[in-house]
Structure formats: C-alpha cells, structure tokens
1. In region 34-81, how many residues are at pLDDT 75 or above and of a type in the set (A, V, I, L, M, F, W, C)?
2. Restricting region 1-32 to residues that are at pLDDT 75 or above and among the acidic types (Asp, Glu), which is surrounded by the fewest Cβ atoms within 10 Å (Cβ to Cβ)?
3. What are the residue pairs meeting all of these: first residue in region 48-62, first residue outside any loop (DSSP other than H, G, I, E, B), second residue among the charged types (D, E, K, R), Cβ atoms under 9 Å, and 6 or more apart or on different chains?
Amino acid sequence: MRIVGKRRDDSTPGPTGENLKRGALLNENMARIRQAFGYNGLARIKGAFRYKTHEEADKHLKELMISHIADQKKEKAKNGK
C-alpha cells in the first residue's frame with residue numbers, strides 16, 4: 001500500500017472508553033426493546049418503507065409499538081391471564 005501525504009482521517013471516532021460505554025448502553029436498550037416486544041414483535045409487517053423525514057419514520061414505529069402492545073393486552077384478556 002502506498003501512502004501519499006500526511007493528513008490523518010480523524011472523522012471517525014476511535015475506540016475510547018466513552019464510545020464503548022455508549023455502545024454498551026445502546027446494546028442494553030435494544031435488548032430491552034426486544035424483550036418487551038418479542039424478538040419478531042415488530043417484524044410482522046413485510047416490505048420496504050420509505051419515509052420523507054425521520055419524524056415520519058418515528059411516528060410509524062410508535063404506531064407499530066402501540067398496536068403491538070394493544071394486541072398483547074387483547075391476547076392476555078382473551079386467555080384470562
């Protein structure tokens with residue numbers, strides 16, 4: 001490999017303790033979401049979705065979560081648990 005110039009690419013964060021801590025926190029949060037909604041709880045809708053904004057995507061995700069929670073409550077009421 002040939003290196004030309006002396007510029008260093010510092011645009012990507014390195015493996016610092018703070019980044020490790022943030023990654024671990026993200027992993028814990030994702031595990032809690034999977035545990036709360038089931039592994040495939042939100043994967044019941046198939047297809048590709050395209051959103052114009054992040055807000056629109058967040059709104060859709062919240063609607064999916066709410067419908068999943070409602071379905072779980074109905075299932076528990078139906079089974080008498």
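1. 10
2. Filtering region 1-32 for residues that are at pLDDT 75 or above and among the acidic types (Asp, Glu), the one surrounded by the fewest Cβ atoms within 10 Å (Cβ to Cβ) comes out as Glu18.
3. Nothing qualifies.
The values are calculated or read from the model by the stated rules, or taken from the named source; none is laboratory data. Quantities reported herein were computed from a predicted structural model and do not represent experimental measurements. Cβ: placed from backbone, ideal geometry, glycine included. Neighbour counts: every protein chain shown.
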